[in-house]
Amino acid sequence: MIDGLPPLREVIAKHGLSAQKSLGQNFLLDLNLTAKIARQAGDLSACDVLEIGPGPGGLTRGLLFEGARHVVAIERDARCLPALAEIAAHYPNRLTVLEGDALTLDASSYLTSPVRIVANLPYNVGTELLISWLTPPVWPPIWDSMTLMFQREVAERIVAGPRSKAYGRLSILVQWLTDARIVMSLPPEAFTPTPKVSSAIVHMTRLPQPRYPANPAHLNKTVAAAFNQRRKMVRSSLKGLARDVEDRLAQANIPPTARAEELTLAQFCALSNVMFAD
Ligand code: SAM
């Protein structure tokens, strides 16, 4: 990818952007790779993109080069702002940079539908951000899809199915609300500095409504209690939630000996509905 801006190594040297571990800074410096990541989000020419943590701007440049209509990027590290201003000047009216913490800053007033979220997330807050995007006050949320980089282990938890070690609360929440798949794997060497672990990109397309009917709070409580003691039978791990757990399991057609990691998403939804019925 040749966009007429200086190579990222020069940008980093010019602006003194030495990576800070506390901010989860592992930068992507290969612009061909960042353009490829941007393409995983689909055709962005009619979309606004919310990017978290643009850093020196590698992925931001990929998104703009690939034609994103408008990118709104939230960056916590003020040292990156001059580098990002140079990108904004190169792509007039297509990049808005907001300085702040993505966990608390509400960017919705800067975004026009349809919105896609694309980010190489800071690992220390990646899961928390994902959960916040999946639990808006009302469904559907402002975003149509999310294309996000995680540590490989987190990506595997997101897409895991029953009877696997990675299957858990995150798998249920994501798969209840989206179609999720791993679309790219990246070795540690793709990043500077090189992290200890591999990474993967998960693309999630939101469903018009949750896959099975369930109350979000009830489903969350049921799944949390079940996976809190994932090797125990659910008839015992769910005892704290309601009376007559065995009768309720029978109502949901779930064998009393089932364990959390054996239950499908459909069974969890059915179970949460009977657990909180009177
Ligand atoms: N997008 C760049 C890339 O791919 O090379 C940088 C990705 S780096 C993994 C994560 C970025 O998120 C860093 O630039 C870091 O400063 C920023 N960051 C960390 N915590 C943040 C937060 N709470 N809100 C917004 N940005 C944050």
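The values are calculated or read from the model by the stated rules, or taken from the named source; none is laboratory data. Being a predicted model, the structure only gives us computed values, none of them experimental. Ideal geometry is used to build each Cβ from the backbone, glycine not excepted, and the neighbour counts take in all protein chains shown. Surface accessibility is based on the protein's heavy atoms, side chains included, excluding ligands, DNA and RNA. Shrake-Rupley method; radii C 1.70, N 1.55, O 1.52, S 1.80 Å.
Candidate membrane-span-like segments in the chain, meaning DSSP H helices with Cα atoms spread over at least 24 Å of their own axis and a Kyte-Doolittle mean of 1.6 or above, do not occur, with no membrane implied either way.
Restricting segment 133-226 to trypsin sites (Lys or Arg not before Pro) that sit in a DSSP loop and have at most 12 other Cβ atoms within 10 Å of their own Cβ leaves ARG163, LYS165, LYS196.
Magnitude of the charge dipole for segment 1-139, about its Cα centre and with charges confined to Cβ atoms of Lys, Arg (+1) and Asp, Glu (-1), is about 240 debye. Size descriptor for the chain, Kirkwood hydrodynamic radius: 20.0 Å (Cα pairs only, one decimal).
Find the relative contact order for segment 8-206 and round it to a whole percent, using C-alpha pairs within less than 8 Å whose residues are 6+ positions apart. Worked out over segment 8-206, it gives 20 percent. Suppose all protein chains stay in the model; what accessible area per residue would a 1.4 Å probe give for the chain, in Å²? Per-residue value: 46 Å². In segment 1-102, one over the average inverse separation of all distinct C-alpha pairs is 13.5 Å, which is the Kirkwood hydrodynamic radius.
The charge dipole of segment 195-267, taken about the Cα centre with unit charges on the Cβ atoms of Lys, Arg (+1) and Asp, Glu (-1), comes to about 260 debye, rounded to the nearest 20.
Taking the helices alone, the chain has a mean residue ellipticity at 222 nm of -9500 deg cm²/dmol, built from -39,500 (n - 2.57) per DSSP H run of at least 4 residues and averaged over all its residues. On the basis of the beta-carbon distance and an R0 of 30 Å, ARG152 and ARG9 show a calculated FRET efficiency of 0.70. Altogether, the Stokes-Einstein calculation at 20 °C and 1.002 mPa s, with the Kirkwood radius of segment 216-275 over Cα pairs as Rh, returns a diffusion coefficient of 198 µm²/s.
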